Amino acid sequence: RIVELRDELIKIKILVEEYIINFYKTVGEISFLSSICNYDKLRDIQKSNLYKCFMVKSWDVATDIGFIGLLHPEGVYEDPRGGNFRKEIYPRLQAHYQFHNELLLFSDVHHQTIFSINIYSSIAKPTVRFDHIVNLYHPSTIDNCYHHDGVGMVPGSRNQYGSWNLQGHKNRIINISKQQLDIFATLYDDTSISPLAARLPLVHSKELLSVLSKFSEQKTRLGDLKEYYFATVMWDQNSAQK
């Protein structure tokens, strides 16, 4: 249907000129953003989103002692094919604070949207070390975590009244190094994946990180038992409605 409408519209001279101008702009933008010469660190990325280009360019234009703060989507930490880009990210990352927009801090964005505040150094460090706090709903919780004395239980995502929890706790600050990335790579990725390419899970507290560490030490995995079990769809809601 769109093709049919286009064929009709481009018969109008004024619209033809507008169409050609926008066509050239779009093709030029795609060619520029996809160029390996312009964004060599995105060489193996299947789709170079604009925010990824901003990330790379910010590293290029900052001074050697500069730091960059960016608010962007979480896709770079979750993409199974984004391992090579994460090898560029982790040595630069200083802090990663993951938010849910449930309090509508961005009123024009869906309340379930997930994003993060990321602090980068412009130069890749020889060792990986950054702070990682997840399940945030307001920036004040970050300060509350750093000012906390570490006493008491780590609060969950909601408080006793069912509201989103803004409390902080020292144990919510996960200090990520190559050792933790190695745990994540072992648990969530293929055995051939480098720790620097590992996906970054949403670990709520140091206590949960300790549990993941214990899991990673186990030698037997479900994949080793595939001849002894099978999985079914069970009850599928969409199929049931049909």
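Figures for the structure shown
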{"quantity": "Computed lengthening from Glu17 to Ile30, 0.36 nm per intervening residue step minus Cα-Cα distance", "calculated": "2.7 nm"}
{"quantity": "At least 20 Å along the helix axis (C-alpha) and Kyte average at least 0.0, DSSP helices within the chain", "calculated": "13-33"}
{"quantity": "The stretch 1-107, accessible surface, carbon-and-sulfur percent (1.4 angstrom probe)", "calculated": "59 percent"}
{"quantity": "Prolate/oblate/rounded call for the stretch 144-242, Cα gyration tensor, a/c under 1.5 rounded", "calculated": "oblate"}
{"quantity": "Span from the the stretch 182-231 Cα centroid across to the the stretch 14-72 one, whole angstrom", "calculated": "34 Å"}
{"quantity": "His111/Glu78 FRET efficiency (R0 22 Å; Cβ-Cβ; nearest 0.05)", "calculated": "0.65"}
{"quantity": "Fully extended contour minus Cα-Cα distance, from Asp182 to Arg129, at 0.36 nm per residue", "calculated": "17.8 nm"}
{"quantity": "Helical contribution to [θ] at 222 nm, DSSP H n ≥ 4, -39,500 (n - 2.57), averaged over the chain, rounded to 500", "calculated": "-10500 deg cm²/dmol"}
{"quantity": "Accessible-area value, Tyr146, 1.4 Å probe, nucleic acids and ligands omitted, Å²", "calculated": "100 Å²"}
{"quantity": "Among the listed pairs Lys41/Lys214; Lys41/Lys170; Lys57/Lys170; Lys87/Lys219; Lys25/Lys87; Lys41/Lys125, those beyond 23 Å (Cα-Cα)", "calculated": "Lys41/Lys214; Lys41/Lys170; Lys57/Lys170; Lys87/Lys219; Lys25/Lys87"}
{"quantity": "Anisotropy class of the chain from Cα gyration tensor, a/c 1.5 cut", "calculated": "prolate"}
{"quantity": "Whichever aspartates and glutamates have a C-alpha closer than 18 Å to that of Lys226, once near sequence neighbours (fewer than 8 apart) are set aside", "calculated": "Asp189, Asp190"}
{"quantity": "Residue with peak Gaussian network fluctuation, the chain [Cα springs, cutoff 10 Å], from Thr63, Thr26, Thr127", "calculated": "Thr26"}
{"quantity": "Per residue, the convex hull volume that the Cα atoms of the stretch 81-175 enclose (Å³)", "calculated": "131 Å³"}
{"quantity": "Added length on full extension, which subtracts the Cα-Cα distance from 0.36 nm per residue, Lys206 to Glu4", "calculated": "66.9 nm"}
{"quantity": "At R0 = 45 Å, FRET efficiency that the Cβ-Cβ distance of Asp40 and Ser239 yields, to 0.05", "calculated": "0.50"}
{"quantity": "Amide N proximity, the stretch 65-102 versus Tyr146 label position 7 Å along Cα-to-Cβ, cut-off under 11 Å", "calculated": "95"}
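The values are calculated or read from the model by the stated rules, or taken from the named source; none is laboratory data. This one's a predicted model, so the numbers in the text were calculated from it and none came from an experiment. Virtual Cβ from ideal backbone geometry, glycine too; neighbours counted across all protein chains shown. Ligands, DNA and RNA are excluded from the accessible area calculation, which covers all protein heavy atoms including side chains. Shrake-Rupley method; radii C 1.70, N 1.55, O 1.52, S 1.80 Å.
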